[in-house]
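Everything on this sheet refers to the single structure shown next.
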Amino acid sequence: MSCRKIRTMMSAYVDEELTGVEMMEVRSHAYSCRNCGHELEEMARLKRLLSEMPPPEPSEFMAEKIMASVRASDHVVHPRLQVRWTVLAGGVAAIAAGYAIATVYRTTADPMQTVDRIEPTIDLRQDRAYAVGGDPFAGAPMVVPVSR
Amino acid sequence: MIGAIVRQKTAISERDIALFEKLFKESHKQAFGLACRMTGNCSEAEDLLQEAYVRAYRFFDRYDRSLPFASWLYRIMTNAYIDSVRKKNRLRMLSFSQSTHEAPAGFDFADPEASPEYALMRNALDDTVQAGLLSLPVEFRLAVLLADVEGLAYEEISEIMQTSIGTVRSRIHRGRQRLREYLVKKNPNKYAEMMS
């Protein structure tokens, strides 16, 4: 194997990331080739030098500061909206019932007047919910915020 | 006001918060060391670490419990760091293109040894080696640090850096070669001393 090829394998050799056969090839070449042997030795020392660098110590308050940021982020991270379907269904039912009662009432009170039908719908906006339907008396759109 | 129908669901459950805090306690010192060497600046390292843990917390439900937390955190941290370096480079290029019109002779390329951030590291790290690390392209620096300082296997590094093992191997090799060239060029006597 050429010196050039062996040199591309030297880092992986010192990291023990070669196959057994490749490890033997590099070792055997480095033993017989003085330049490659020297380079391999330098590579191993450089790795040792880096691994022995003393680890910097964090400041006394760093951990506390980071965890405080993490906890604070809990309230501002993208909220995942979770629909409470039972309450939602209740809102729809309430509007529908109100609409039906009012229609009957209007029909009884003034059989000559018709009511425009506006289907109740639900509109989810950000973290709020609205039940949207039609005002059975005036026929105007009706938006009811549904909240706790 | 939070509605009755729609409510904000917190990112993770109470039980997971306790687990996250435990993993934080176990990992933050080591992660800080890596961040310092990545950035060459302990103050910037704290900001980077904070960003990484906030992101980790936010996406904690995606963390595979069967894998080491540190590897997952390092992946987040390296991504955040590479993003910030690219952003800085874009700003620098923008600044450069503007300065060519205004003051062409005044533009100064970053010299890791001349920066005030570098001065902050002098007491904590070997200055020449740290300056050499900072002179490396960011991908080479990260690969060398993960292999030599963290002692990770190429497979783990490839997962953290989201690249192939072949690329990791090449980055580490070229990174070490460049680091050695830097040390020989900048301080041949010290390099000889270090290698003796």
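Exposure proxy ranking for A:11, B:13, B:158, based on other Cβ atoms within 10 angstrom of each Cβ and starting from the fewest, stands as B:13, B:158, A:11.
Listed by Cβ neighbour count within 10 Å, with the fewest neighbours leading, A:9, B:194 appear as B:194, A:9. When the pairs B:29/B:185; A:47/B:29; B:25/B:186; B:25/B:88; A:47/B:185; A:47/B:87 are compared against a 28 Å limit on Cα-Cα distance, B:29/B:185; B:25/B:186; B:25/B:88; A:47/B:87 fall above it.
Distance between the 7 Å Cα→Cβ label points at residue B:15 and residue B:64: 2.2 nm. Between residue B:162 and residue B:29, residue separation times 0.36 nm minus the direct Cα-Cα distance comes to 45.5 nm.
Extension gain for residue B:186 to residue B:82 (0.36 nm times residue separation, less C-alpha to C-alpha distance): 34.8 nm. Shape summary: segment A:3-51 maps onto an equivalent ellipsoid whose semi-axes, from the alpha-carbon gyration tensor, are 16, 13, 8 Å in decreasing order.
The numbers here are math on the coordinates, done by the rules we state, and not lab data. Every value quoted in this text rests on a predicted model; they were computed, and no experiment measured them. Cβ atoms come from the backbone with ideal geometry, glycine included; neighbour counts cover every protein chain shown.
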